[in-house]
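Derivation of every value follows stated rules applied to the coordinates shown; laboratory data play no part. None of these values were measured; they are calculated from a predicted model. Every residue, glycine among them, receives a Cβ derived from its backbone with ideal geometry; neighbour counts consider all protein chains shown.
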Amino acid sequence: MNPSTDNPFSLERIHPLEPFCDRRSELSRYKQYARDNLKVVVFSPRRFGKTSLLVRVQDELAREGFVCAYADFLTVASIEGIARELMSGVYKALHERESLLDKGRRFLKGFSTFRPVLAVTDRGYELGLQKSAGLSELTLFRQALEEIARFVEDHPDLRFCFVFDEFQEITRLRETAELEGLFRSAVQGLRASCFFVGSRRSVLLSLFNDSKKKLY
């Protein structure tokens, strides 16, 4: 291969608009799961393309009118980090649908745990989050989940798809049992599809297959 030629086999996440090899049956199946508001566990070793696949699923669903929120728990190291990642995914999804500065203002009334703020950087304006003061991390997390769930129920005209990438990483935190219970309370019966994605197969599956776990 010519050294100046770009490597066509990059292991990085594939952009939704870039060529995607096969996966047609998975794309079709996962989109139908989303339309049916199912809760789905997806696992594979890292670098097998599951994130690229789910990002593409959400991109195609967004074209159908879905609000698609993506949260990656791989590097989070605290409960506040998980709550911030969740709310960041929701705000980004809403911003892509309607500008937060224009029509999107009507979406913000129900959110108080984190508020969007515009920060000026050398690259222009960036959307950041400012958390409510005086709340413990678990309270912050619980209220963030409750606000997301309430937002879904208050907008029956919208369809929602949530992807929680590397979900098993919540088990690294000391409060994992509380987090599992709060997730269970928030998503069961929620009028939205939720994809729990992970690369540590045994850890991820134990969250849902162990009868002693809150997500069983």
Item to check | Cα-based radius of gyration of region 114-183 once divided by 2.2 N^0.38 Å, which approximates compact folds | outcome: 1.38
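Give me the Å³ per residue figure for the convex hull around the C-alpha atoms of region 52-205. Could the numbers behind the result be given before it?
Values: hull volume 20.0 nm³, N = 154.
Dividing the Cα hull volume of region 52-205 by its residues yields 130 Å³.
Please compute the net charge surrounding residue 80, taking Lys and Arg as +1 and Asp and Glu as -1 over other residues with Cβ under 14 Å from its Cβ. Walk me through the numbers on the way to the answer.
Details: positive: 84, 131, 142, 174; negative: 85, 137, 175, 178.
Once positives and negatives cancel, what remains is 0.
Compute the length gained on full extension between residue 185 and residue 171: take 0.36 nm times their separation in residues and subtract their Cα-Cα distance, giving the result in nm to one decimal.
Values: separation 14, 0.36 × 14 = 5.04 nm, distance 1.74 nm.
That works out to 3.3 nm of additional length.
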Checklist outcome for this item: Ordered by number, the trypsin sites (Lys or Arg not before Pro) in region 109-216 that occupy a DSSP loop and have at most 11 other Cβ atoms within 10 Å are 109, 123, 174, 212
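Report, to two decimal places, the Cα Rg of region 159-213 normalised by 2.2 N^0.38 Å (N = number of residues).
Against the empirical 2.2 N^0.38 Å value, I get 1.12 for region 159-213.
How much FRET efficiency would the formula 1/(1 + (r/R0)^6) give for residue 35 and residue 203, where r is the Cβ-Cβ distance and R0 is 41 Å, rounded to 0.05? Each step should come with its number before you reach the end.
Values: r = 29 Å, r/R0 = 0.71.
The pair residue 35/residue 203 has a calculated efficiency of 0.90.
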Next on the checklist: Can you say what percent of the DSSP beta bridges in region 34-182, counting only those with both residues inside, are antiparallel? Round to 5.
Outcome noted: 55 percent
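Stretched out fully, how many nm does the piece from residue 154 to residue 119 gain, at 0.36 nm a residue minus the Cα gap?
So the extension gain works out to 9.7 nm.
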Item to check | Computed magnitude of the charge dipole of region 140-204 (debye, nearest 20; Cβ of K, R +1, Cβ of D, E -1) | outcome: 260 debye
